[in-house]
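Single-structure report; data block below.
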Amino acid sequence: MKKVLTLLLVFTLGLTLASCTDQEAATNVADAAQKLSLEVSDPTAVTSDITLPTEGLHESTISWESDNAAISAAGVVTRPAIGSDDVTVILTATFTIGKETTTKEFTFKVLAAVPSVAVTAAVFESSATAVGDVVELTGIVVGLVKTYGYEIYDGTGFTYVNEFQDPTVSIGDEVTVMGEKGIYNNGSELVEIQSTVVNSTGNALPNFTETTIGEIFAQDPDTTDWYHDMFNAEGVIVVQGDYDNAYLSWFDQDLNLRQMEIYYKSYDDAKLAAVKALEGKKVELDFILKDYSYGSFRLTVNSTGEVNEATIYTDAERAKLAVAYNDLFFNSLGDEVVASLDLPTDSDFVTKYDDTEEANMPIELVWTSSNEVVIANDGTVTLPVGATADVELTVTATVGDVSAHKTYTVTVADADTLTTNTVAEVIAMEDGETVIVEAIVSGLRYGNPFVQDADGTAMFIYTKLDVKVGDKVWIQGELATFSSYGNALKQLTRGVLVKTVSTGNALTYNTTTTAAELAAAINTMHSDSFTMTLKFLEEDFGYYFFEAYVDGDDADNNVRIKMDTDWFPTMETYLDGSDMIEISFVLYDVHYDEARIVPVAFPGLTNADRLDIVKGMIALEEFIVLDVNLLTYLPTFDAAITWVSANTAMDAEGNVTRPVAGEDNVEGDLTASIVIGSDAAVDEVYTVTVVASPTDAMTVAEVYAAGYSDYFGDYTHVYVTGVVAGLTDDGYVIQDTVSGKFLVVEDFDNEVEVGQELNLEGFYNASYEVIKLRDVFVFMFVSEGNALNLELTDAVAMDWATFDRNDYQTGELIAITAPWATLYSGDTSYLRLGNGDGLENAKSFDGKYVGLQNGANELNLTGTLADIFDGGQTSTEYADVTIYVLIYDTTSSYNKFIILSDDFIVVTP
């Protein structure tokens, strides 16, 4: 009887679990259907193919049926013949999760084909073809643009076909394409593509036409017929801006800087990388003139064009470029100058003149003012009273015996016309307004000030300015709102210090807000100043963590607060036995649900404490190879520091003149004179040695043998040689081909290729268990085409079942063998390896590396693997897989690897 009851209970439980699973599937499949939408600009006027997804939410599969051939089940549109009626089509999507299915219908109207006129590119580009006309073009594809389309040439001229997707054709194809004429950035383009037919492939292309950057800029961007044409021109490659965009740059006869952006969506990544690798060099570049955007022409580069170094610069060209490049500085100024100008004193615009160090040195710039009372030669501005003043600033650059000059006219504002606002008035204004705020500096975040009114109303200035805490200042800037992590932080951007009204002003601190009140209103208190007693919790990831703790507060309402350890590196030494510390601070923002603060003062410290802390913070390394940021102001500890140098290779501003290779190191003293508050100055002497440039590079094996630091902030100086073995998302890996050892290099500035031998000087350590060379400041190319030492027998075997990310340092290959692997193929193929626990928690990552999730022990490889796995089988399981990888990063929740060769993936079906 007990056995029967047990069986019934198990059966009932099984039915219940199955019912729950079925119910969940039913809910998910309904949700997937409800949320699916198709990207069609106008469902009542369909003229081109529709993308029909085959996968949906909750890992549902989607199949399609059509009730009319005008739209196939694959989304291919066949328009009714000219003269026929439009056709209404119903597409039915069937969603499936397990045994559960549901359907959803989508209704479209497919427009009948309309008569089109076959025109030449020349006619299409002219006014003879109106915007909106449906035409047919036939031509040879000469260039491609990512996510958009392609250029064609038909013997009469060039034009552009915009598919609003990656090109569906190849360079050299002859195509016949039908669509409507459109205009974008002053250039004609064929849009609303209705049909594309490839007539033939591999056709010859026209030659690139020689021109100059000056001739291009002489064109009227509104009327020129040069768009989409193929050109060759000389210029210098410049990489600049927040996104490291490349520009082909030169000057015109008036020494105006002319820059054409090399469009980042140029289809050939390799060619774009090759262009950027010639940064600072004078080149001859083949390109297609794309359009005119934001005041400048844009161009694209393709695989069919070439980029070659031109003849080296003449002294005259270097001088002219040096003065022309100042256009960028003056173009950034407003209509009227209200503050002193930081005039450039040298130009490193031409950074790669030839192979001699002297030729690559920055070019000195000398400024002369036509009115030194208003603008001095060093850029210091004294505002005129009663009227604006126009001042001419002339810059001179001299290279060898050749000088170049250019004059800029600057209008300086009338002091009587300037209007200031309080912080409260400014934050009530609309974003985008340019204003001048008068307020007191209440804190500094890495040189960016917080300012407050007398009542404590405060805001942030998102610009580094030469101000001190307690200064009453006028600052001009553009109002903006920073929004992230739930913040709505009012700030001024592009700030300019107009003047300092007074110094030593008292600050206003909120001393009554409790932790509970702070927790309830934390997103409304950005930039406000507080004095609170905080409870120290821990130090982690470069932060001190606290609770905003007040006796009597509900512990659940305590706010977790964090502060960069850089502000007070030895803070834990000064805590009392209860881990409580009083801090006066500015609330900067909310960061990962924690309040991030900037300290202004630690009221519990004595001046003697502050002096000891400052001595520790300004201490210099014994051996110096780079310029040093000599601290002169530490407001958190009310400290001012002045420096005197007796070292002939390092001045009192920290600038280093390094002895050349073969010369002796230079030893000498630097003296810091430290003033805390109103106390008398105290001198501290540091003996430093400026190290001469090295002569012989170490091998990677010698670097490992020499040892390294495992402290996050402690780095070892090294000069190392190696061959590039692989590329990562933040640099590359070099190998000592004799020992087989690898070294990871973090380098965002230099483009490299596998097989290149490099000499690198920088700093390295083993933070987060990975040994990396960072801060590369000497980069020398030695040779290319070098063979690697990739012996799989040297790999260290990893036990998949007991893998611990902290057990494996870089320097050696690691062999990972997994019990199973599954290849998935689609738009991107990727491989999943596991430890036998199934795919429930598997996750794929984009990019050229693989990620091993910490804890889950499931390896995810992205990339194109179809050639390795029998042509890319879908959901094909393999009994045993071994991959040979190199760890290059463990700072995230999963390790990052690179695989150096297809031979490093070994599978057993």
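The values are calculated or read from the model by the stated rules, or taken from the named source; none is laboratory data. All figures in this text were calculated on a predicted structure; none of them were measured in a lab. Here Cβ is always computed from backbone atoms with ideal geometry, including for glycine, and neighbour counts include all displayed protein chains. Areas reflect the complete protein model, heavy atoms only, side chains present, ligands, DNA and RNA absent. Shrake-Rupley method; radii C 1.70, N 1.55, O 1.52, S 1.80 Å.
Numerical summary
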read-out: Selection of chymotrypsin sites (Phe, Trp or Tyr not before Pro), region 370-470, meeting DSSP coil and at most 14 other Cβ within 10 Å; value: TYR446
read-out: Area accessible to solvent at LYS468, 1.4 Å probe radius, in Å²; value: 90
read-out: Heavy-atom accessible area order for LEU248, LEU444, largest first, 1.4 Å probe; value: LEU444, LEU248
read-out: Accessible surface of LEU670 - all protein chains present, 1.4 Å probe, nearest 10 Å²; value: 0
read-out: Accessible surface of ARG445 - all protein chains present, 1.4 Å probe, nearest 10 Å²; value: 50
read-out: Where ILE312, ILE676 fall by accessible area, highest first, once all protein chains stay in place (1.4 Å); value: ILE312, ILE676
read-out: For region 494-503, Karplus couplings with θ = phi - 60° (6.51, -1.76, 1.60), whole Hz, Gly/Pro x; value: 6, x, 9, 6, 6, 6, 9, 7, 7, 10
read-out: Percent carbon-and-sulfur accessible area, region 18-110, ignoring ligands, DNA and RNA, probe 1.4 Å; value: 48
read-out: Global form of region 209-311, assessed from the alpha-carbon gyration tensor, a/c cut-off 1.5; value: rounded
read-out: Cα gyration tensor shape of region 644-739, rounded if a/c is under 1.5, else prolate or oblate by comparing a/b with b/c; value: prolate
read-out: Contact order relative to length of region 18-110, as percent, for alpha carbon pairs under 8 angstrom and 6 or more apart; value: 33
read-out: Residue-wise HN-Hα coupling along region 228-245, computed from phi with Karplus coefficients 6.51, -1.76, 1.60 (Hz; x: Gly, Pro); value: 6, 7, 9, 10, 10, 8, 8, x, 9, 7, 10, 10, 8, x, 4, 10, 6, 6
read-out: Whether region 490-623 is rounded, prolate or oblate, judged on the alpha carbon gyration tensor where a/c under 1.5 counts as rounded; value: oblate
read-out: Region 634-722: GluC sites (Glu not before Pro) in DSSP loop, at most 13 other beta carbons within 10 Å; value: GLU653, GLU663
read-out: Over region 423-502: Kirkwood hydrodynamic radius from C-alpha pairwise inverse distances, Å; value: 12.3
read-out: Alpha-carbon centroids, region 444-499 and region 553-630: separation in whole Å; value: 21
read-out: Region 117-200, relative contact order in percent, only Cα pairs under 8 angstrom and at least six apart counted; value: 29
